[in-house]
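Just below is one structure, and these are the notes that go with it.
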Ligand SMILES: [Fe+2]
Ligand SMILES: [Fe+2]
């Protein structure tokens, strides 16, 4: 018999759902009230200087100060646009599975998905409003997102893979946004867009992580597939965030070196500064992959091929040293915003 048919929710997961549902009812982001929509827009940086793609490469010295600032504007705008596309897709897809009844045996889960979708609809409106505020026009649709739900989850199955792909994107994007924008040195509005979003995304990510923990043993084939697809997917998402030719062309760099993408792209992807930022983004995710068996010694090769060997080793070391009484250091809901 299909093990899903007998599945009941664990008390820990039921508790978490209760907390998440209450938190979502208590405070919800407002399109009108939670951000400083009156900030002047002249000369603002939308992300930290040391997080723009060319920082720490020879290209930084070839750019003017205004070009560096514009890079901070368009790189952030391109993230916001990616969020808009993704959040439109996820709310559409999750509402579809709710309406289809794929999760009807778990009404508390369905209740939380309603909050989740409503929150994503408002987030997409906030990102759109922020792009308009800073006069940033839309970017082309990110190709790796276009068919994420249409190819990867049929309506007849329990949607664990789709939930997993969703948290991979949300978690990586959130870690990236907090690295880039949680700083008092940048535009107050850009920081508020990131921080207010993170407060609700932290709940989405904890929900997704725990959906996987809860159902991993009752969805056949999920773990094996996750062990194959995770490393290459994360590699392409991390690299996409700093290698957008469209972003570079919008800045309009004067120096000719910026037209030679064959040299420019590897230089930004492989800089020591980018590797440092990437490893901070990856660290909590890597610990989770080891905990649930998505990364282990037997599939270490695929992590190595995708440039995550050191991240996997660091995560492994963490578990070797961890004491039995230590709490979950990666609970995203415990984030300190200052
Ligand atoms: Fe969101
Ligand atoms: Fe989300």
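Taking the condition modelled with pLDDT of 95 or more, part of a helix (DSSP H, G or I) and over 25 Å from residue 166 (Cα atoms), does residue 257 pass?
yes
Go through (1) assigned to a helix (DSSP H, G or I); (2) touching a residue at least 24 places away in the same chain (Cβ under 8 Å); (3) away from ligand 1 (no atom under 16 Å from the Cβ) and name the single condition residue 218 misses.
The number of the failed condition is (1).
Does the stretch 127-146 include one or more residues that are assigned to a helix (DSSP H, G or I) and within 13 Å of ligand 2 (Cβ to nearest atom)? So that I can check it myself, show each step before the final result.
Narrowing the stretch 127-146 to residues assigned to a helix (DSSP H, G or I): 127-133, 143-146.
Retained after the next criterion (residues that are within 13 Å of ligand 2 (Cβ to nearest atom)): 127.
Looking through the stretch 127-146, at least one residue is assigned to a helix (DSSP H, G or I) and within 13 Å of ligand 2 (Cβ to nearest atom).
Can you tell me which of 136, 169 is more than 16 Å from ligand 1 (Cβ to nearest atom), under 25 Å from residue 55 (Cβ atoms) and out of contact with any strand residue (DSSP E or B) (no Cβ under 7 Å at 6 or more places or on another chain)? Reasoning before the result, please.
Working: 169 fails: more than 16 Å from ligand 1 (Cβ to nearest atom).
Residue meeting the stated conditions: 136.
Suppose the filter is modelled with pLDDT of 95 or more, touching a helix residue (DSSP H, G or I) at 6+ places or on another chain (Cβ under 9 Å) and surrounded by fewer than 20 Cβ atoms within 10 Å (Cβ to Cβ); does residue 213 pass it? It would help to see each step written out before you state the result.
Details: modelled with pLDDT of 95 or more: yes; touching a helix residue (DSSP H, G or I) at 6+ places or on another chain (Cβ under 9 Å): yes; surrounded by fewer than 20 Cβ atoms within 10 Å (Cβ to Cβ): yes.
It is true that residue 213 is modelled with pLDDT of 95 or more, touching a helix residue (DSSP H, G or I) at 6+ places or on another chain (Cβ under 9 Å) and surrounded by fewer than 20 Cβ atoms within 10 Å (Cβ to Cβ).
Return the residues of the stretch 238-247 that are closer than 13 Å to residue 78 by Cα and assigned to a helix (DSSP H, G or I); say none if nothing qualifies. I'd like the intermediate steps shown before the answer.
First, pick out the residues of the stretch 238-247 that are closer than 13 Å to residue 78 by Cα: 240-247.
Matches in the stretch 238-247: 240, 245, 246, 247.
Return the only residue of 287, 227, 250 being in a helix (DSSP H, G or I), modelled with pLDDT of 95 or more and under 19 Å from residue 75 (Cα atoms). Give the steps one after another, and end with the answer.
Details: 287 fails: under 19 Å from residue 75 (Cα atoms); 227 fails: under 19 Å from residue 75 (Cα atoms).
Residue meeting the stated conditions: 250.
Hey, any hits in the stretch 190-209 for a residue that's under 17 Å from the mean Cα position of the chain (by Cα), surrounded by 17 or more Cβ atoms within 10 Å (Cβ to Cβ) and without any contact (Cβ under 8 Å) to a residue 24 or more places away in the chain?
yes
Which residues, taken from the stretch 98-124, are more than 14 Å from ligand 2 (Cβ to nearest atom) and in contact (Cβ under 8 Å) with a residue 12 or more places away in the chain? I'd like the intermediate steps shown before the answer.
From the stretch 98-124, those more than 14 Å from ligand 2 (Cβ to nearest atom) are 98-111; that's our starting set.
Scanning the stretch 98-124 gives 98, 100, 102, 103, 105, 106, 108, 109, 110, 111.
Being without any contact (Cβ under 8 Å) to a residue 40 or more places away in the chain and under 22 Å from the mean Cα position of the chain (by Cα) is the filter; apply it to the stretch 50-91 and report the residue that is farthest from residue 121 (Cα to Cα). I'd like the intermediate steps shown before the answer.
Of all residues in the stretch 50-91, those without any contact (Cβ under 8 Å) to a residue 40 or more places away in the chain come to 52, 60-61, 65-66, 68-69, 88, 91.
From what's left, under 22 Å from the mean Cα position of the chain (by Cα): 52, 88, 91.
On the way: 52: 28, 88: 7, 91: 7 Å.
Top of the filtered list is 52.
Mind listing whichever residues of the stretch 156-214 are more than 21 Å from residue 241 (Cβ to Cβ) and outside any helix (DSSP H, G or I)?
Residues satisfying the conditions are 156, 157, 158, 159, 184.
Let me confirm something: among 75, 50, 65, which residue is modelled with pLDDT of 95 or more, more than 30 Å from residue 157 (Cα to Cα), out of contact with any helix residue (DSSP H, G or I) (no Cβ under 8 Å at 6 or more places or on another chain) and away from ligand 1 (no atom under 16 Å from the Cβ)? Reasoning before the result, please.
Numbers: 75 fails: out of contact with any helix residue (DSSP H, G or I) (no Cβ under 8 Å at 6 or more places or on another chain); 50 fails: out of contact with any helix residue (DSSP H, G or I) (no Cβ under 8 Å at 6 or more places or on another chain).
Result of the check over 75, 50, 65: 65.
Out of 22, 27, report the one residue that is within 16 Å of ligand 1 (Cβ to nearest atom) and modelled with pLDDT under 95.
Working: 22 fails: within 16 Å of ligand 1 (Cβ to nearest atom).
Exactly one of 22, 27 is within 16 Å of ligand 1 (Cβ to nearest atom) and modelled with pLDDT under 95, namely 27.
Kindly list the number of the only condition in (1) within 16 Å of ligand 1 (Cβ to nearest atom); (2) buried (at least 19 other Cβ atoms within 10 Å of the Cβ) that fails for residue 182.
The one condition residue 182 does not meet is (2).
Residue 149 fails exactly one of the following numbered conditions: (1) within 24 Å of residue 268 (Cβ to Cβ); (2) within 16 Å of ligand 1 (Cβ to nearest atom). What is the number of that condition?
(1)
I'm told residue 130 meets every condition in (1) in contact (Cβ under 8 Å) with a residue 12 or more places away in the chain; (2) within 24 Å of residue 27 (Cβ to Cβ); (3) surrounded by fewer than 20 Cβ atoms within 10 Å (Cβ to Cβ); (4) over 17 Å from the mean Cα position of the chain (by Cα) except one. Can you identify the failing condition by its number?
For residue 130, the exception is condition (3).
The values are calculated or read from the model by the stated rules, or taken from the named source; none is laboratory data. Please read these numbers as outputs of a predicted model, since none were measured by experiment. For neighbour counting, all protein chains shown are included, and Cβ atoms are generated from backbone atoms with ideal geometry for every residue, glycine included.
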